[in-house]
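Peer 1: Okay, handing you the structure first.
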Amino acid sequence: MSVPYKNDKQARFKQFLQRLSEDKDVGRGAVKPTRSLSELLLFAGYNPNGEAIDMARLVTLLLRTQGLEGCSEQMVEHVLNGGSIEGFFLTNECKS
């Protein structure tokens, strides 16, 4: 990964976290309470086999367990474009 790409990715992630901190739905009951990292790995069926945990992959797997079609990158884009987490959940439900 080149340094400029890594810096851009870090800046986008920082901006994403800032937007999350401003999202009125986060932390007010609209989003389910958090679990420990080990519980989330187990729930998602993700075994990193001693490697570093790929958080983007973990989030995508967790979204799938909730019946959502979107991936972590789509969630970040949605929030960076002014959307909320709840809005992402509502627009990415699986249509079975």
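Peer 1: Working only within the range 26-39, note down all residues that are of a type in the set (S, T, N, Q) and either at pLDDT 90 or above or surrounded by 10 or more Cβ atoms within 10 Å (Cβ to Cβ) (or both). If you could, list the steps in order and put the result at the bottom.
Peer 2: Quick first cut of the range 26-39, residues of a type in the set (S, T, N, Q) only: 34, 36, 38.
Passing the criteria: only SER38.
Peer 1: Just checking, how many residues over the range 40-67 are free of Cβ contacts under 8 Å to residues at least 24 places away in the same chain, assigned to a helix (DSSP H, G or I) and either within 22 Å of PHE88 (Cβ to Cβ) or open to solvent by less than 90 Å² (accessible area, probe 1.4 Å) (or both)?
Peer 2: As a first pass, look at the range 40-67 and keep what is free of Cβ contacts under 8 Å to residues at least 24 places away in the same chain: 40-62, 64-66.
Going one step further and asking which of them are assigned to a helix (DSSP H, G or I), we end up with 40-44, 55-62, 64-65.
Narrowing the set further to residues that are either within 22 Å of PHE88 (Cβ to Cβ) or open to solvent by less than 90 Å² (accessible area, probe 1.4 Å) (or both) leaves 40-41, 43-44, 55-62, 64-65.
Count: 14.
The values are calculated or read from the model by the stated rules, or taken from the named source; none is laboratory data. Remember, predicted model here, so these are calculated numbers, not experimental data. A quick note on method: Cβ atoms are made from the backbone with ideal geometry, for glycine too, and the neighbour counts reach across all protein chains shown. Each accessible area value is taken on the protein alone, full model and side chains, heavy atoms only, with ligands, DNA and RNA left out. Shrake-Rupley method; radii C 1.70, N 1.55, O 1.52, S 1.80 Å.
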